[in-house]
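Okay, structure first, notes after.
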Amino acid sequence: QVQLVESGGGLVQAGGSLRLSCAASGSTFSIKAMGWDRQAPGPQRELVASITNDNSTNYADSVKGRFTISRDNAKNTLYLQMNSLKPEDTAVYYCKARIKRGTYEFLYWGQGTQVTVSS
């Protein structure tokens, strides 16, 4: 129903910056919020940032002040600007979309993009 394609990951030195992009397609009219999760080696995913259709944002404490989430509704694209990167930011980053149809809620994730921060 909704497809998410990520780009922008890579290798960067500590203190550097990256910008991740996520292009949404399919039933994008039903997207109510989008965000980014990340997963270091292991099973646990961490919420990084989210944004609603009225541009209200939330951030994990660990990235607050360094990361900025934004969206371009005309292009159905989500962004994550990551500044002052630290080695502990190394993870696979997943784009996420929340869909609401009536009273039903659905979550979709992209395939993920690797971010590696060297010390």
Query raised in the report: Do we find a residue being touching a residue at least 12 places away in the same chain (Cβ under 8 Å), surrounded by 13 or more Cβ atoms within 10 Å (Cβ to Cβ) and assigned to a helix (DSSP H, G or I) anywhere in region 29-45?
Result: yes
Requested in this report: Could you look through region 90-119, keep only residues that are in a strand (DSSP E or B) and small (Gly, Ala, Ser), and pick out the one that is most open to solvent (accessible area, probe 1.4 Å)?
Outcome: 118
Requested in this report: Looking for whichever is surrounded by 15 or more Cβ atoms within 10 Å (Cβ to Cβ), at negative phi, among the hydroxyl-bearing types (Ser, Thr, Tyr) and in a strand (DSSP E or B) here; the options are 50, 25. Which one fits?
Outcome: 50
Report task. Output the residue which, of all residues in region 53-79 that are assigned to a loop (DSSP other than H, G, I, E, B) and crowded, with 19+ Cβ neighbours inside 10 Å, is modelled with the highest pLDDT. Result -> 63
Query raised in the report: residue 50: more than 15 Å from residue 109 (Cα to Cα) and either of a type in the set (Phe, Trp, Tyr) or modelled with pLDDT of 95 or more (or both), yes or no?
Result: no
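The values are calculated or read from the model by the stated rules, or taken from the named source; none is laboratory data. Computed from a predicted structure; not experimentally measured. Backbone-built Cβ (ideal geometry, glycine too); neighbour counts: all protein chains shown. With ligands, DNA and RNA removed, areas are computed over all heavy atoms of the protein, side chains included. Shrake-Rupley method; radii C 1.70, N 1.55, O 1.52, S 1.80 Å.
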